[in-house]
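To start, the structure itself, in structure tokens.
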Amino acid sequence: MLNYLWGGMILIGIAVAAFTGKMPDVTNAAIDSSKEAVTTCITMTGILSMWTGLMKIAETSGLIKILSKKMAPFLKFLFLQIPKNHKALDYISTNIIANIFGLGWAATPAGINAMEEMQKLNHNKKYASRSMCMFMIFNMSSLQIICVNLIAYRTQYNSANPSEIIGPGLFATFVSTVAGILFVKIVERWKYK
Amino acid sequence: MSFLILISNLMVPLIFVFIIFYGYSKKVEIYDVFVEGAKDGLKTVLQILPTLIGLMVSVGILRASGALSLLEKCVSPIADAIGYPKETVPLTFMRLISSSASTGILLDLYKTFGPDSFIGRFVSVMMSSTETIAYTMSIYFISVKITKTRYTLHGAIFANIAGVIASLWISNLLWGS
């Protein structure tokens, strides 16, 4: 997909520039943008490494594991079809906690394990089960409490207070997650009555 | 609303304090572990850098050529009617499709309008409360060979629209003119 998206954006840009007479600007933009990507990444290296370092402490000390366990009662409400103490629930909670703390590298493997476990419980192997739909929608409703990357980007462009968006972001994240859960609960009630 | 600002200011220090004390209580050698973990950050950035170069160049060209302002003009009748900032329409759609392409557009908006402008703040909140649907759905469902995803896509889009509306609402409340 990115093959078309990326090429398409450049070709459209150049085509429009041919009409607007902005070819020199296009050349400069291409050079400046590539430079800027590097400076942005340098800013990001500091902030992101600080965060991954901190999260490594949380991981090593067992904090992530304990938080995952604390998710259990909440998961029961979301995943009614998964039997108690099933492995799928462990993977789901690990995935959710990892997503909340922005640990993408830990979230994806756990999420795939969770899908595999749910597939074992699934009767029709081609169709997503109810639990899978819930898991995916919950997952894609955005769970992260702090977007470290965003703060890094804001810092790079000289924001006076890069972290001011954390609180409002948390509020909007909460709304989207609740909306996702409500959507599934309503669809389920309507489909499986 | 000052509560949300308070959270913004306190969140990072609180997480630091909490994790450090928890680490001490479990007798973890926190500094050594921190340094080890910081290396993961370096690896992540190295992975991001090439995609960011590619997509910032393409968005940069799109902006410099005037194509983006053309697009903004096209969507402005609808966007203005519903009170949506027209400059952020391309980002809103791209966000669902590609994480790296939307980052490219986001950085372009920061550069063009500034991260502390209303647009800059709104897109920051929006980016933190939405998720790239296309990528996530494909890796998870492909991993278990499921082809019929049923209502997953509808639900994910619904949740993300709710996130966008909530972002706009809270941004208007906090920083609206």
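The values are calculated or read from the model by the stated rules, or taken from the named source; none is laboratory data. Quick caveat: nothing in here was measured; it's all calculated off a predicted structure. A quick note on method: Cβ atoms are made from the backbone with ideal geometry, for glycine too, and the neighbour counts reach across all protein chains shown. Each accessible area value is taken on the protein alone, full model and side chains, heavy atoms only, with ligands, DNA and RNA left out. Shrake-Rupley method; radii C 1.70, N 1.55, O 1.52, S 1.80 Å.
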Looking at (1) open to solvent by less than 20 Å² (accessible area, probe 1.4 Å); (2) in contact (Cβ under 8 Å) with a residue 40 or more places away in the chain; (3) within 9 Å of chain B (Cβ to nearest Cβ); (4) within 12 Å of the chain's Cα centre (by Cα), can you tell me which one A:Ile96 breaks? (3)
Hey, does segment B:36-43 have a residue that's crowded, with 19+ Cβ neighbours inside 10 Å and closer than 30 Å to A:Ile12 by Cα? no
If B:Thr88 meets every condition in (1) open to solvent by 20 Å² or more (accessible area, probe 1.4 Å); (2) modelled with pLDDT of 95 or more apart from one, which number is that one? (1)
Can you find, within segment B:101-127, the residue that is farthest from the other protein chains (Cβ to nearest Cβ) among those that are touching a Gly at 6+ places or on another chain (Cβ under 6 Å) and open to solvent by 10 Å² or more (accessible area, probe 1.4 Å)? B:Phe113
Residue that is farthest from A:Ile151 (Cα to Cα), among those in segment B:11-35 that are open to solvent by 80 Å² or more (accessible area, probe 1.4 Å) and more than 7 Å from chain A (Cβ to nearest Cβ): B:Lys27
Go through the residues of segment B:46-69 one by one and say whether even a single one is within 18 Å of the chain's Cα centre (by Cα), open to solvent by 80 Å² or more (accessible area, probe 1.4 Å) and not β-branched (Val, Ile, Thr). yes
What number of residues within segment B:135-153 are farther than 15 Å from A:Phe135 by Cβ and surrounded by 14 or more Cβ atoms within 10 Å (Cβ to Cβ)? 1
From B:Gly176, B:Gly155, which residue is within 25 Å of A:Lys120 (Cβ to Cβ) and more than 17 Å from the chain's Cα centre (by Cα)? B:Gly155
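Yes or no, residue by residue, for (1) in contact with a Lys or Arg (Cβ under 6 Å, 6 or more places away or on another chain); (2) assigned to a loop (DSSP other than H, G, I, E, B); (3) more than 7 Å from chain B (Cβ to nearest Cβ):
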site	(1), (2), (3)
A:Ser131	no, no, yes
A:Met134	no, no, yes
A:Ile146	no, yes, no
A:Ile151	no, no, yes
A:Thr155	no, no, yes
A:Ile166	no, no, no
A:Ala172	no, no, no
A:Val175	no, no, no
A:Ala179	no, no, no
When segment B:73-85 is checked residue by residue, the ones that are open to solvent by 10 Å² or more (accessible area, probe 1.4 Å) and either out of contact with any Leu (no Cβ under 9 Å at 6 or more places or on another chain) or of a type in the set (Ser, Thr, Tyr) (or both) are B:Lys73, B:Cys74, B:Val75, B:Ser76, B:Pro77, B:Ile78, B:Asp80, B:Ala81, B:Ile82, B:Tyr84
On the given criteria, is A:Glu117 buried (at least 17 other Cβ atoms within 10 Å of the Cβ) and under 26 Å from B:Trp169 (Cβ atoms)? no
Output yes when any residue across segment B:110-124 is more than 25 Å from B:Leu173 (Cα to Cα) and of a type in the set (Ser, Thr, Tyr), and no when none is. no
Scan segment A:32-71 residue by residue and report those that are open to solvent by 10 Å² or more (accessible area, probe 1.4 Å), of a type in the set (A, V, I, L, M, F, W, C), farther than 23 Å from B:Pro50 by Cα and more than 21 Å from the chain's Cα centre (by Cα). A:Ile66
Within segment A:8-27, how many residues are facing another protein chain (nearest Cβ under 8 Å) and either more than 11 Å from B:Ile61 (Cα to Cα) or within 33 Å of the chain's Cα centre (by Cα) (or both)? 7
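Starting from residues that are under 13 Å from the mean Cα position of the chain (by Cα) and closer than 9 Å to B:Ser129 by Cα, keep the ones in segment A:148-176 and report whichever is surrounded by the most Cβ atoms within 10 Å (Cβ to Cβ). Steps first, please.
Narrowing segment A:148-176 to residues under 13 Å from the mean Cα position of the chain (by Cα): A:148-150, A:173, A:176.
Remaining after also requiring closer than 9 Å to B:Ser129 by Cα: A:173, A:176.
Working: A:Thr173: 25, A:Ser176: 28.
Taking the candidates together, the pick is A:Ser176.
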Since A:Tyr127 meets every condition but one in (1) touching a Lys or Arg at 6+ places or on another chain (Cβ under 8 Å); (2) more than 7 Å from every other protein chain (Cβ to nearest Cβ), which condition does it not meet? (2)
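Go through A:Ala114, A:Ala107 for me and flag whichever is touching a residue at least 12 places away in the same chain (Cβ under 8 Å), more than 7 Å from chain B (Cβ to nearest Cβ), out of contact with any Gly (no Cβ under 6 Å at 6 or more places or on another chain) and within 30 Å of B:Pro115 (Cβ to Cβ). Walk me through how you get there before you give the answer.
Numbers: A:Ala114 fails: within 30 Å of B:Pro115 (Cβ to Cβ).
After applying the criteria, what remains is A:Ala107.
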